[in-house]
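Following: one structure in structure tokens, then a few remarks.
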Amino acid sequence: MTRTIATLAMALTLGLAGCAGQRTIYLALSPTSGPTFHTRGAAIAVAHVLMPPTIDRIYLTTATGPNTRAVSRRARWTAPLAGQAQAILARDLARRLPERRVAMPGDPVPRAALLVHVEVTDFIPHPGHVELAADWRGVRAGKAVAAGRVRIAERCGGGAAAEAHAMSVALGRLADRIAARLSR
């Protein structure tokens with residue numbers, strides 16, 4: 001009996017020691033640099049970025065094959081991915097359109113502002129690259145004034161930090177395309 005308890009205690013200790021060795025990595029998207037468009041116009045607000053729940057998870061989700069996904073046990077987002085994408089897209093647009101006011105999430109939005117709506121269908125690391133697929137539209141006074149569909153692939157190295165960086169770069173490339181279209 002004592003030997004069984006000692007064996008169980010040892011197994012539990014070793015099991016907990018194995019878990020303690022794997023630290024959680026916290027990931028965040030970050031703004032990126034890009035082309036600058038010097039154009040004046042209405043204020044801009046990123047109204048929302050919608051993502052399917054299969055992507056907008058607490059833990060980093062990666063594609064492991066055409067029909068398979070893996071949810072990391074140790075790479076975690078610091079905040080919901082859709083909210084981070086909205087904030088970073090707004091910051092990226094502000095960098096690219098310095099002569100236009102870009103409202104950040106939570107700021108009051110002027111009545112005449114152009115609202116950018118983004119619907120993401122894919123935003124996930126694949127082996128060797130990150131893929132971003134999204135539809136976006138710019139709406140002013142209830143009417144669509146600009147729209148686009150993008151599919152962006154950004155190369156990345158291995159590891160969660162490299163994948164998060166590549167996701168930031170892909171989001172920056174989306175901002176490049178939106179800014180270019182809105183500056184026409």
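Using only helices, what value at 222 nm comes out for the chain when you add -39,500 (n - 2.57) per DSSP H run of length 4 or more and divide by the total residues, to the nearest 500 deg cm²/dmol?
-11000 deg cm²/dmol
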How much length is gained on full extension from V109 to T78, taking 0.36 nm per residue of separation minus their Cα-Cα distance? 8.6 nm
A chain fully extended from R40 to V71 at 0.36 nm per residue, minus the present Cα-Cα distance, gains in nm 6.9 nm
About its Cα centre, how strong a charge dipole does the stretch 37-121 have in debye, to the nearest 20, once Lys and Arg get +1 and Asp and Glu get -1 at the Cβ? 220 debye
Net charge dipole size for the chain [Lys, Arg +1 and Asp, Glu -1 on Cβ; Debye, nearest 20]: 320 debye
I need S72, S30, S168 ordered by Cβ neighbour count within 10 Å, fewest first. S30, S72, S168
Sum of side-chain charges, A175 neighbourhood, beta-carbon under 14 Å (Lys, Arg +1; Asp, Glu -1): +4
Out of R57, R155, R23, a Gaussian network model of the chain with alpha-carbon springs under 10 Å gives the largest mean-square fluctuation to R23
Just to be sure I understand: of the beta bridges DSSP finds with both ends in the chain, what percent are antiparallel, rounded to 5? 70 percent
What residue among A160, A134, M104 has its Cα farthest toward the positive end of the dipole of the stretch 26-182, where the charges are +1 on Lys, Arg and -1 on Asp, Glu, each on the Cβ? M104
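None of the figures in this text is laboratory data; all of them are computed from the coordinates on show. The structure presented is a predicted model; accordingly, all values stated were derived computationally and were not measured. All Cβ positions, even for glycine, are placed from backbone atoms using ideal geometry, and neighbour counts span all protein chains on display.
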